[in-house]
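J.: Got a structure here, written out as structure tokens. Questions coming.
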Amino acid sequence: MKVRVLIVDDEEKFADYLSKRLLNRDYQVNVALSGEEAIERIQHENWDVVILDVLMPGMDGIETLREIKRLKPLTEVIMLTGHASVESGVEGMKLGAYDYLMKPCDTEELVSKINQAYDRKADQEERIRQAKVADILSSPRSVLEE
């Protein structure tokens, strides 16, 4: 199964360029041009990794990150900033972002971060599955006994 990546950036040309680069590397990619559009997609679709611009008009990246983590806590988010704002990157990390990169970022570095973020998400999902199975098997009347 392909890694599902949502690019969220108000700069349409940059988002399209990045989308094409990731599609060429066999990711399933889609673009949202605002935080509001990203939240709409997050509510109705499942994404493994979100590439999220920090500075956007309307709902900015930090606000969007908060809402993504509220709706889908296991979705990994990589913040992108075109401005040397270490503070926004640090704030994003505190709010649950996987990492942050400076724009423009090296495609290979971004691909590496996407893969690492996906691996972390998959690992967390597997641990949750194992915990649920253990809970079912340890219940007084397990499903197997019924």
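Read-outs: derived from the displayed coordinates by stated rules, not from any lab. As the structure is a computational prediction, the values presented were derived from the model and not from experiment. Cβ coordinates were reconstructed from backbone atoms using ideal geometry, including for glycine residues, and neighbour counts include every protein chain displayed.
J.: Which residues, counting only those in segment 45-65, are surrounded by fewer than 16 Cβ atoms within 10 Å (Cβ to Cβ) and more than 15 Å from residue 14 (Cβ to Cβ)?
T.: 45, 46, 58, 63, listed by residue number.
J.: In this structure, is residue 95 surrounded by fewer than 19 Cβ atoms within 10 Å (Cβ to Cβ) and either under 17 Å from residue 114 (Cβ atoms) or among the acidic types (Asp, Glu) (or both)?
T.: Criteria not met by residue 95.
J.: Go through (1) under 14 Å from residue 55 (Cα atoms); (2) assigned to a helix (DSSP H, G or I) one by one and return the number of the condition residue 114 breaks.
T.: Of everything listed in (1) under 14 Å from residue 55 (Cα atoms); (2) assigned to a helix (DSSP H, G or I), residue 114 misses just condition (1).
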